[in-house]
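A.B. asks: Structure below; questions to follow.
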């Protein structure tokens, strides 16, 4: 898997699972990951073409999403004993973390390739 595929999976998870959370709970805040997923998905072409500036914007947004999901929603779902909520937010957090890992790996690989040439 590369950063682009991880990014697409993360964007899809944010959109689909965020929408699922909205329809199940009717909480408007569940649409926040959906919005971020749409924005991230709109930047996919730049990630695919390995545009450095767009990739950095995507990483910052993904980091913001990951931090926001873990900070409040995940902890609240765990504390409330909401198993399905924990699973939904956990999946979105996990896909965001994986996307971050693959982006960082691609940045390191690009720097190594640049230094080697």
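A.B. asks: At what distance in nm do the modelled label points of residue 79 and residue 16 sit from each other, each positioned 7 Å from its Cα along Cα→Cβ?
C.D. replies: Those two pseudo-labels are separated by 3.1 nm.
A.B. asks: With the radius of gyration and the Kirkwood radius both derived from the Cα set of the chain, what is their ratio Rg to Rh?
C.D. replies: Using Cα coordinates only, the ratio equals 1.04.
A.B. asks: Which of 102, 107 comes first, and how do the rest follow, when ranked by fewest Cβ neighbours within 10 Å?
C.D. replies: So the ranking, lowest neighbour count to highest, is 107, 102.
A.B. asks: A follow-up question, please. Using label points projected 7 Å from each Cα along Cα→Cβ, tell me how many nm separate residue 35 and residue 91, to one decimal.
C.D. replies: 2.3 nm
A.B. asks: Kindly list the residues of the range 45-64 that lie in the label zone of residue 107, defined by a backbone N under 18 Å from the point 7 Å along the Cα-to-C-beta vector.
C.D. replies: 46-64
A.B. asks: State the extension gain, in nm to one decimal, for the chain segment bounded by residue 115 and residue 1, taking 0.36 nm per residue of separation less the distance between their alpha-carbons.
C.D. replies: 38.7 nm
A.B. asks: Let me ask another. Mind checking the angle between helix 3-25 and the chain's longest principal axis? C-alpha axes, 0 to 90 degrees, to the nearest 10.
C.D. replies: Approximately 10 degrees, to the nearest 10.
A.B. asks: Oh, and also: Distance in nm between label sites at residue 50 and residue 8, each 7 Å beyond Cα in the beta-carbon direction?
C.D. replies: 1.7 nm
A.B. asks: Turning to a different aspect of this structure: Could you grab the relative contact order for the range 1-96? Cα pairs under 8 Å, six or more apart, rounded to a whole percent.
C.D. replies: Relative contact order of the range 1-96: 31 percent.
A.B. asks: Taking neighbour counts of Cβ atoms within 10 Å as a proxy for exposure, in what order, fewest first, do 25, 86 appear?
C.D. replies: Numbers: 25 14, 86 18.
Fewest-to-most ranking of 25, 86: 25, 86.
A.B. asks: Additional query: What's the angle, to the nearest 10 degrees (0 to 90), between helix 31-42's Cα axis and the longest principal axis of the chain?
C.D. replies: Compared with the principal axis, the helix lies near 20 degrees.
Values quoted throughout were computed directly from the atomic coordinates according to the rules given, and no laboratory measurement underlies them. Because the structure is predicted, anything quoted here is derived from the model rather than measured. Please note: Cβ atoms are built from the backbone with ideal geometry, for glycine as well, and neighbour counts cover all protein chains shown.
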